[in-house]
Amino acid sequence: MPFLSVTVAWHATNLKARKAAHALFSRLNRDIADPLGRRLGIPVYFRSDTDTDGHLPEVDLDEAKHSAVVVLIDNAMVLDERWVEWLGRLLGAVRAGGKRHLLLPVVMGSGALNMPVPGLAAVNWIGANEPIGTRVVHELCRLLDRRPENGAKGKPAKAVLKPVSVFLSYARADGQDWVKRLEAALHGHGLGSFFDVRSIPKGGAFDRVILEHLQQGIAMALVALRTDAYVTRNWCLTELLTAKEHGLPVIVLEALTHGEDRGFPYLANGRSIPLRAPDQDLLPVVDAVLDEVLRSLYLRPMMDRLLDLHDVTARVMVQPPELLTLLPRYGEPVILYPDPPLRPAELAALQDRLDDMRFVTPVQLPTVAGKKAKDMTRLPLLHKRVALSMSDPDAADLIALGLSPEHVIDAQVEMARHLLALGATVVYGGDLRPEGITQILFRLARQHAEAAEIHEPRLRLLLAWPIHGPKPRQIMDVLAENRDVAEATLLPWPDGLDPAYQAQFPDATDPATRRLANATCYGAMRVELARTADALVVLGGKQTGYGGWCPGLLEETWRMEEAGKPVFVLGGFGGCAGALAAAARNEAVTLPSPDGLPGYAEAVRRFGPPPLGSIAELLAKVRDHGLPGLNTGLENKDLTQLLTSRHLSELVALVLKGLAAPESPPP
């Protein structure tokens, strides 16, 4: 069960609300505009349209320990009875969950506050002029924090929702003007702050009060205002060191005017923001503070859960490790810290000085289970070839599951990133469109080849003839530009397929001939994939609209099963993979008949039945093989979760766990 999930709901007709929803996805999960960047990874799902039966899909609050639902309420939603009833049920479910869950209504229309849901007016709304992302992140921090508040004398303390409180560390000599502006910006967005002049009572001991705020977690982050005088003040450095030693997020605001004679080494290893003009907008600073606090509150329980899942004992650090936070040595010799992994030079510097310790991230965790620290390797999947077949399911599945094409891109990137980070070679049989996933794979492969210092291609591309044959020059250009990280197999026109079709393909061929050519060419590519890859990961995939005899994921899955190789079916994203997951669990499932597809019936009449059998026959073979036929190396409990979950961090962890398991003989 995930620690936290967020659902964003809006009326499908409101494009402004849709933009706001996707902005929340980018902030809380992954910035789709920068798919290779640092991500927080909180699951974010959507509700904006009805399913095929005309119903609005419900939100299952209990699929995570904490669930938050952000509802962007506009005038169209107020007048839509389906939304009124849906929101009423949701409000009741949130209240029934006690303080575990959160409902955040947002004003997105002039009549939003007239939403006729009893009790909704008493909920704390996000106003029309408030920055939605800032308020949402702050409320998520408050939901997850639950610090105890001292009760009256003789009464126990109780957990309450408190605003995020920030410690402002600065030098009075040249930082007072900036710190007053920072205080105003923080308070203006509902955050609390602490700094010496305003926050220490008359007669209070500065050193004792300051250290108490940092050591006891009263402050949830430290903002260091790095002016020219900052590193010359011993108390400023003590505040900074105390915050780091206690695991608080540190945000450094760079406000140097003339520079420093000598910097301070521990001002690095965290987020920094430049301060330039006196009238600079400080909302980005507020957002940075909130993002880092949420990262800290979310990552610790998430990483604790991963340790339990993989039965690994480690010391958890929610900030990247450095010598200050690693010494003195205590506890376990394995350090678990957040992704992305440290750069090779930085990791080597730590490892050389702390040679009895091992540093792993959640990416690497599934591969170290059951191993002693001295036996852990950085690249446990080196030379293993893993094929990815992940694409959008049908639109109806996306709506029903609260997903979008961005979720599929996120899954593709995360799966490839984890595999490459652990040394695997990614096998891919897609195309080379400029806007396609292959371009992201090139960048990922280059990034991880450099980080791991692996001097061999990290991608193996299998290109069917319809991809490279009609446009050889463009394909050659792309392959030459990426030869440092990718090698390609250009599959020829298949033997036995009339060469006359090759000259006509694709425009001059009739639909039946085109279907035969596509089915045969891509079938040859899938035969090569089953021969080349050591394992296959499938997700999504359309159940209709394909160009061959059957959905590509179905054919790839069967060929890998036939070869006795592992197939990791991520069925929780729906599509063809969802049907395959159901078949493997021996559930009754069908796929739409292909008879209505262009040229299909005519191709069968002219050229004979599909060589692998009908779709129903292929599904029956997968069902007959059952769970053992997937050959994943996972226990049934884990395998059932793999087949049904839509939570990406769990899915990636389970795939890596299976890949790292000892190989079992084919069924």
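The values are calculated or read from the model by the stated rules, or taken from the named source; none is laboratory data. Given the structure is predicted, the values throughout are model-derived calculations rather than measurements. Here the Cβ is made from the backbone with ideal geometry for all residues, glycine too, and neighbour counts use every protein chain on show. All accessible areas refer to the heavy atoms of the entire protein, side chains included, with ligands and DNA or RNA removed. Shrake-Rupley method; radii C 1.70, N 1.55, O 1.52, S 1.80 Å.
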Of Leu516, Leu459, the only residue that is surrounded by 19 or more Cβ atoms within 10 Å (Cβ to Cβ), touching a residue at least 24 places away in the same chain (Cβ under 8 Å), in contact with a helix residue (DSSP H, G or I) (Cβ under 7 Å, 6 or more places away or on another chain) and closer than 26 Å to His383 by Cβ is Leu459
Condition set part of a helix (DSSP H, G or I) and touching a strand residue (DSSP E or B) at 6+ places or on another chain (Cβ under 6 Å), scope region 465-499, selection nearest to Arg443 (Cα to Cα): answer is Leu479
Taking region 497-513 and keeping residues open to solvent by less than 60 Å² (accessible area, probe 1.4 Å) and under 42 Å from the mean Cα position of the chain (by Cα) leaves Phe505, Pro506, Ala512, Thr513
Worksheet item: Within region 639-661, is even one residue over 20 Å from Gly578 (Cα atoms), among the acidic types (Asp, Glu) and either touching a residue at least 40 places away in the same chain (Cβ under 8 Å) or outside any loop (DSSP other than H, G, I, E, B) (or both)?
Response: no
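Answer yes if at least one residue in region 413-421 is at pLDDT below 85, more than 24 Å from Val250 (Cβ to Cβ) and within 21 Å of the chain's Cα centre (by Cα), and no otherwise. Can you show your working first?
Of region 413-421, the ones at pLDDT below 85 are 421.
Narrowing further to those that are more than 24 Å from Val250 (Cβ to Cβ): 421.
From what's left, within 21 Å of the chain's Cα centre (by Cα): 421.
Yes, region 413-421 contains a residue that is at pLDDT below 85, more than 24 Å from Val250 (Cβ to Cβ) and within 21 Å of the chain's Cα centre (by Cα).
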Taking region 388-407 and keeping only residues that are surrounded by fewer than 21 Cβ atoms within 10 Å (Cβ to Cβ) and touching a residue at least 24 places away in the same chain (Cβ under 8 Å), one is left with Asp392, Asp394, Ala396, Ala400, Leu401, Glu406
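Just wondering, is there one or more residues in region 212-225 that are under 23 Å from Lys180 (Cβ atoms) and of a type in the set (Val, Ile, Thr)? Talk me through it step by step, then tell me what you get.
Quick first cut of region 212-225, residues under 23 Å from Lys180 (Cβ atoms) only: 213-214, 218-225.
Adding the requirement that they be of a type in the set (Val, Ile, Thr) leaves 218, 223.
There is at least one residue in region 212-225 that is under 23 Å from Lys180 (Cβ atoms) and of a type in the set (Val, Ile, Thr).
Hey, which of the strands (runs of 3 or more DSSP E) in region 1-75, taking only ones fully inside, have at least 2 residues that are of a type in the set (Val, Ile, Thr) and at pLDDT 95 or above?
By residue number, 4-10, 66-73.
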Going through region 229-249 in order, the residues found to be modelled with pLDDT of 90 or more, outside any helix (DSSP H, G or I) and either open to solvent by 40 Å² or more (accessible area, probe 1.4 Å) or β-branched (Val, Ile, Thr) (or both) are Arg233
Scanning region 449-466 for residues that are modelled with pLDDT of 90 or more and of a type in the set (A, V, I, L, M, F, W, C), the one farthest from Glu528 (Cα to Cα) turns out to be Leu459
- prompt: Is there a residue being part of a loop (DSSP other than H, G, I, E, B) and open to solvent by less than 40 Å² (accessible area, probe 1.4 Å) anywhere in region 617-633?
  reply: yes
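Please return the ranges of helices (runs of 4 or more DSSP H) entirely within region 500-613 where 3 or more residues are over 16 Å from His625 (Cα atoms) and either of a type in the set (Val, Ile, Thr) or in contact with a strand residue (DSSP E or B) (Cβ under 9 Å, 6 or more places away or on another chain) (or both). I'd like the intermediate steps shown before the answer.
On the way: elements: 511-532, 552-562, 575-584, 600-607.
Hits in region 500-613: 511-532, 575-584.
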Among residues of region 261-298 being of a type in the set (Val, Ile, Thr) and crowded, with 20+ Cβ neighbours inside 10 Å, the residue nearest to Leu654 (Cα to Cα) is Val293
Restricting region 299-341 to residues that are farther than 21 Å from Asp355 by Cβ and among the acidic types (Asp, Glu), the one least open to solvent (accessible area, probe 1.4 Å) turns out to be Asp339
Looking at the structure I just gave you, is Gln412 over 30 Å from Val59 (Cα atoms) and part of a helix (DSSP H, G or I)? no
Scanning region 545-572 residue by residue, those crowded, with 22+ Cβ neighbours inside 10 Å and among the hydrophobic types (A, V, I, L, M, F, W, C) turn out to be Trp549, Cys550, Leu553, Leu554, Trp558, Met560, Val567, Phe568, Val569, Leu570
